[in-house]
Amino acid sequence: MSRSKLAALALIVAGIAAGVAFALLTRKHETPPATTVPASAPVDDFEPTAANAAAAPGPAPEGMIWIPGGEFSMGAADPLGKDANVVGMQATEDSRPIHRVRVNGFWMDKTEVTNRQFSAFVKATGYVTVAERTPTAEEFPGAPPESLIAGSVVFSPPDHEVPLDSHFRWWSYVHGAYWRHPAGPQSNLDGRDDYPVVHVAYEDAEAFAKWAGKRLPTEAEWEFAARGGLSGALYPWGNEFLIDGRFMANTHQGHFPNQDTQADAHGGIALVAQYPANDYGLFDVAGNVWEWTSDWYRPDYYRAPTADGVADNPGGPADSYDPSEPGVAKRVHRGGSFLCTEQYCSRYMVGTRGKGESSTGTNHLGIRLVQDPS
């Protein structure tokens, strides 16, 4: 990433393979170069999920549900019956190889954290999110003063078809956009108490989690929970995108990015829990908004060898490395968003991965938390 882009506070966008991630107002991080990780023998097929048999260790905390943990096959399946040239429907290389993972049981929020919940946190603590803070000249030497403005990234679709070769065609940095004003200063949260909170950077998510007595899930925990006990399914509900003609997640229909037909009854972000829960009782683990996990992002992480062929409660790599933006430390996103479509970003597929720079929030990125049984 060039110093000139940093100095100009440009909107820095990195692809989530065929999807979208952002690095806005990037706080520069020093990260080590890529390391060579010996590849363990790949697992060609998904093996059955073996959930732990132990019952939940007591009453569920409010708004949470017990995820039993166990052993499962982690990674992305190739879409069934899809042409290999359909860009948006390809399982990414960073989701391979399929490998066995073991996680302990934990409590998990049934839904994404809502504006109502985040508002209670801000009221109690006075917390100010990253998007509300004005960048300083110390952070961005040489940047013109008029560029040092608080804001965040907002989906801004064009009114006509555009080539899908540049994310800049449908994203804008909007002064005054943050969680209370998700589309910019003229927008508000009227009637949106139970929508997912967005424009939440990683440190904002951690601050909320600490206040709530919870934590962000690891990537492995998130995928185990999202699969709901199904082994190798393409989606959290099975292998068919529509069930009896019914949409199962809030995604994009129509021509991306300029047309949303709202065939799923929602244009843009939706209320939480508008679609059926998965078999563990979790809502919106596909579509609606992306969700932070605690893992650093590396595309080679799944190739790390394990002692007995099973990764035990993996917490992610020790550092971050993204070949597309060396030097920018990123965390893993999961679940896709209301913008996912087979034309461009199919990350509602349960095993696929996203990535994002830690100080960057957008209006399609939120959080869901977990809690340990003790």
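Just so it is clear, none of the values below were taken in a lab; they were calculated from the coordinates. Just so we're clear, the structure is a prediction, and the values are computed from it rather than from any experiment. Glycine gets a Cβ as well: all are built from the backbone with ideal geometry, and neighbour counts include every protein chain shown.
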### Task
Please work out how much length the chain gains when fully extended from Ser119 to Asp372, using 0.36 nm per residue of separation minus the C-alpha to C-alpha distance, in nm with one decimal.
88.7 nm
### Query
Which of rounded, prolate, oblate describes the range 39-164, given a ≥ b ≥ c as roots of the alpha-carbon gyration tensor eigenvalues and a/c under 1.5 marking rounded, otherwise prolate only if a/b is larger than b/c?
oblate
### Query
Between rounded, prolate and oblate, where does the range 130-199 land on the alpha carbon gyration tensor, with a ≥ b ≥ c its root eigenvalues, rounded for a/c under 1.5, else prolate if a/b exceeds b/c?
oblate
### Query
At what distance in nm do the modelled label points of Ala56 and Ala265 sit from each other, each positioned 7 Å from its Cα along Cα→Cβ?
2.6
## Note on the structure
Kirkwood radius from Cα pairs of the range 201-257 plugged into Stokes-Einstein at 4 °C, 1.567 mPa s, gives D in µm²/s equal to 91
## Note on the structure
Listing Cys340, Cys345 by rising number of other beta-carbon atoms within 10 angstrom, fewest first, gives Cys345, Cys340
### Query
Between Leu80 and Glu203, what is the label-to-label distance in nm when each label sits 7 Å out along the Cα-to-Cβ direction?
4.6
### Task
Give me the number: length gained by fully extending Val128 to Asp279, i.e. 0.36 nm times residue separation minus the C-alpha to C-alpha distance, one decimal in nm.
50.7 nm
### Query
Taking all pairs of different Cα atoms in the range 266-374, averaging 1/r and flipping that mean, what Kirkwood radius in angstroms comes out?
15.5
#### Entry: Choice from Ser346, Ser152, Ser324 with maximal GNM fluctuation in the chain (Cα, 10 Å cutoff)
Ser324
### Query
In degrees from 0 to 90, rounded to the nearest 10, what is the angle of the helix 202-212 Cα long axis to the longest principal axis of the chain?
60
### Message
Sort 252-264, 304-316, 50-62, 169-181 by packing, meaning the average of other beta carbons within 10 Å per residue, with the highest value first.
### Response
169-181, 252-264, 304-316, 50-62
### Query
Roughly speaking, what is the stretch gain from Asn313 to Ser187, that is 0.36 nm per residue apart minus the C-alpha to C-alpha distance, in nm to one decimal?
41.2 nm
### Task
State the answer as a single residue: which of Asn288, Ala76, Val198 lies farthest towards the positive end of the charge dipole of the chain, with beta carbon charges of +1 for Lys and Arg and -1 for Asp and Glu, about the Cα centre.
Val198
### Message
What is the angle, in °, between the Cα long axis of helix 115-125 and the longest principal axis of the Cα atoms in the chain? Nearest 10 is fine, range 0 to 90.
### Response
70
### Task
Would you be so kind as to identify which of Gly335, Leu230, Pro141 lies farthest towards the positive end of the dipole of the chain, taking Lys and Arg as +1 and Asp and Glu as -1 on Cβ and the Cα centre as origin?
Pro141
### Query
In the Gaussian network model of the chain, springs joining C-alpha atoms below 10 Å, which of Gly232, Gly268, Gly75 carries the largest mean-square fluctuation?
Gly268
### Message
If you consider only alpha-carbon coordinates, what radius of gyration and Dmax does the chain have, in Å?
### Response
19.7, 60
### Task
Quick one: dipole size for the chain, taken about the Cα centre, charges +1 on Lys/Arg Cβ and -1 on Asp/Glu Cβ, in debye to the nearest 20.
640
#### Entry: Between the range 321-341 and the range 174-249, the alpha-carbon center distance in angstrom
15
### Message
Suppose R0 equals 41 Å. What FRET efficiency, 1/(1 + (r/R0)^6) with r the Cβ-Cβ distance, do Thr49 and His255 give to the nearest 0.05?
### Response
0.65
### For the range 266-298 versus the range 87-162, the gap between their alpha-carbon centres in whole angstrom
14
### Message
For a quick check, take a GNM of the chain with Cα springs below 10 Å and name the residue from Met74, Met108, Met248 with the largest mean-square fluctuation.
### Response
Met248
### Task
First check a/c for the range 138-274, with a ≥ b ≥ c the square roots of the eigenvalues of its C-alpha gyration tensor; if it is under 1.5, answer rounded, and if not, answer prolate when a/b is larger than b/c or oblate otherwise.
oblate
